[in-house]
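Notes follow once the structure below has been shown.
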């Protein structure tokens with residue numbers, strides 16, 4: 001009887017009960033456009049290192065943070081917390097994840113995260129809108145490998 005082939009060296013061990021299927025962490029990493037062995041939601045929201053593609057910026061940096069902020073705000077209003085205090089708590093709670101995701105998007109352009117300070121000016125929203133719509137630099141830069149290349153490599157590895 002032939003033994004199934006062992007996974008490639010360095011490949012993550014599949015914790016799924018179905019061989020060939022990706023785990024939840026691997027699917028999350030692929031959705032973020034990154035290497036499944038290196039990316040998790042905690043790294044996305046709490047670390048400022050690395051790069052993310054546009055779809056990850058819009059999905060995790062804008063849409064999910066906005067929806068989570070709305071849910072927390074509603075829960076605080078149900079708990080009879082006044083609107084001013086509720087708004088401040090939500091801003092405080094989601095400030096760092098927003099900074100971390102935005103910094104990674106700027107890194108995709110080979111810009112330092114210090115460029116986030118432009119958000120303190122009147123044109124900050126316009127700058128982040130452009131950063132969210134324009135593709136980043138191709139190939140590796142000083143902040144890491146191209147997330148599009150990592151996505152393609154991870155997709156190819158998961159097919160085997």
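The values are calculated or read from the model by the stated rules, or taken from the named source; none is laboratory data. Not measured: the values here are computed from a predicted model. Every residue, glycine as well, gets a Cβ built from its backbone with ideal geometry; the counts of neighbours run over all protein chains shown.
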Of the residues in region 119-160 that are within 17 Å of residue 62 (Cβ to Cβ) and in contact with a helix residue (DSSP H, G or I) (Cβ under 6 Å, 6 or more places away or on another chain), the one that is modelled with the lowest pLDDT is 124
Filter pass, residue 110 being touching a strand residue (DSSP E or B) at 6+ places or on another chain (Cβ under 7 Å) and under 16 Å from residue 57 (Cβ atoms):
yes
